[in-house]
Amino acid sequence: MSSGTSTDFSKGSVAGHIVKQALPLTLSQIVQILYNIVDRIYIGHIPNEGTEALTGLGLTFPIVSIILAFTMLFGQGGAPVFSIANGSGDKLKASKTLNNSFTLLTLGGIILTLLLYIFMKPILYAFGASDATYPYSAAYLNIYLISTVVTMLATGLNFYISAQGFPLIAMVTNLSGAIINIVLDPIFIFSLNMGIRGAAIATVIAQTLSLVWVLVFLTGRKPEFKLKMAHMKLEAPIVKDICATGFTGFVMQFTNSATQIVCNRVLKTYGGDIYVGIMAIVGSVRDIMGVVINGIVSGAQPVLGFNYGAKSYDRVKKGIRTTFIFSGTYTGLAWLIVFLFPAFFIGLFTNDKELITVAIPSLHTYFMAYIFMSFQHSGQSTFMALKKNGRAVFFSLFRKVILVIPLTLLLPLIATPSVNGVFMAEPISNIIGGLSSFLTMFFTVYLRLGKTPNSND
């Protein structure tokens, strides 16, 4: 074993391991979200056209979510497979998982780039674009899509850096690019008067720098598992394992895209472009507040997966409890902050006082049951970490497809005003979906750990 041995999560404090993983991962995800959030902040403040430009950018979110969905499928999907193989001592499978993931991310990125360029216009109009907002959406995507492969590799391979016990290095992956993005955004958008195209250029440069850092690290001396040409040839059993495990994250992101599309179309029908813009702001606030809980569950997954592979079931249980306590505490605080200071968060993205006033009730409604996301994330992340793929996929589909989308279509028919129904769909789905996911995990996984053989379903 090399000097850069991966961390042994079977020893020491379980909570300590989760914290050590979660803190840098949270910082990493804060930096990662800055790629898009900073773009939205600057774009929303472009003189005379900020609102329309922000609405146009909001229409690209489903496409960005689709790209991220495939990144989760091939990148995040391989990380639990890698961790379990590493924990059980199967070093060859761990190495092949990392390298097969690299190949899948590359091929997937190339195919997505071609398809999205070819069908960009009909896709954007189907997603809710108007003649006023389409030029902004297209201007951004024409440049952003250049970096599809780069973005997928930088994000997807970063999971393997964390899984090897280097969360600080994973944080630097995002930090190195995000700082450049923050610096370049105002230069390209305002100083060079490039508007929304300037934001896309800054993002492409930032993501490229992030990928360079990832590749340098994963071909260097520190990690035990590196990128190796000999292990990049796709092997059907490993590809199947990666995709089966990553299908949950894929479904979660893909259904996020689907719900964004439905929300945008319904809001355009009942409220026009202004409410599509409000949803872009509300979604941005959700992304900001979701960073910490995502860091917690991402930090817990390698710890849970390693101990599950090592058959240390008491430590897995302790990890599940710790994850839930951390997640619940955070989501409660996040709800309180949004409830008390809504104008602050909305004002990050617009100077329009009238828009801020209109958006506050929508933000309050959307976040009213945010604490139940701790139940959803705790259950979902446990299923993913322990490769309970069937249940993980079901509960992702259940909350978004079975609950959110029908509610988004039906509630505006009875809500007053109608647009309120769109924002009410989220808290209702949080309560029902979150409790269903968590209770199922508790009774079918947590209580049975150590009492039944390992199973993937």
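The values are calculated or read from the model by the stated rules, or taken from the named source; none is laboratory data. It should be emphasised that the depicted structure is a prediction, and the values quoted were computed from it without experimental measurement. Because the Cβ atoms are built from the backbone with ideal geometry, glycine has one as well, and the counts that use them run over all protein chains shown. The area values use the complete protein model at the heavy-atom level, side chains included, leaving out ligands, DNA and RNA. Shrake-Rupley method; radii C 1.70, N 1.55, O 1.52, S 1.80 Å.
Quick look at the values:
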| quantity | calculated |
| --- | --- |
| Subset of segment 208-225 that is in a loop (DSSP other than H, G, I, E, B) and touching a residue at least 24 places away in the same chain (Cβ under 8 Å) - its residue that is surrounded by the most Cβ atoms within 10 Å (Cβ to Cβ) | 225 |
| Evaluation of residue 41 against (1) of a type in the set (A, V, I, L, M); (2) within 27 Å of residue 199 (Cβ to Cβ); (3) touching a helix residue (DSSP H, G or I) at 6+ places or on another chain (Cβ under 8 Å) (one fails), failing number | (3) |
| Subset of segment 44-73 (residues that are polar (S, T, N, Q) and either in contact with a helix residue (DSSP H, G or I) (Cβ under 9 Å, 6 or more places away or on another chain) or crowded, with 20+ Cβ neighbours inside 10 Å (or both)) | 51, 55, 60, 65, 71 |
| Qualifying helices (runs of 4 or more DSSP H) (wholly inside segment 85-204; at least 1 residues being open to solvent by 20 Å² or more (accessible area, probe 1.4 Å) and modelled with pLDDT of 95 or more) | 91-118, 120-126, 134-144, 148-163 |
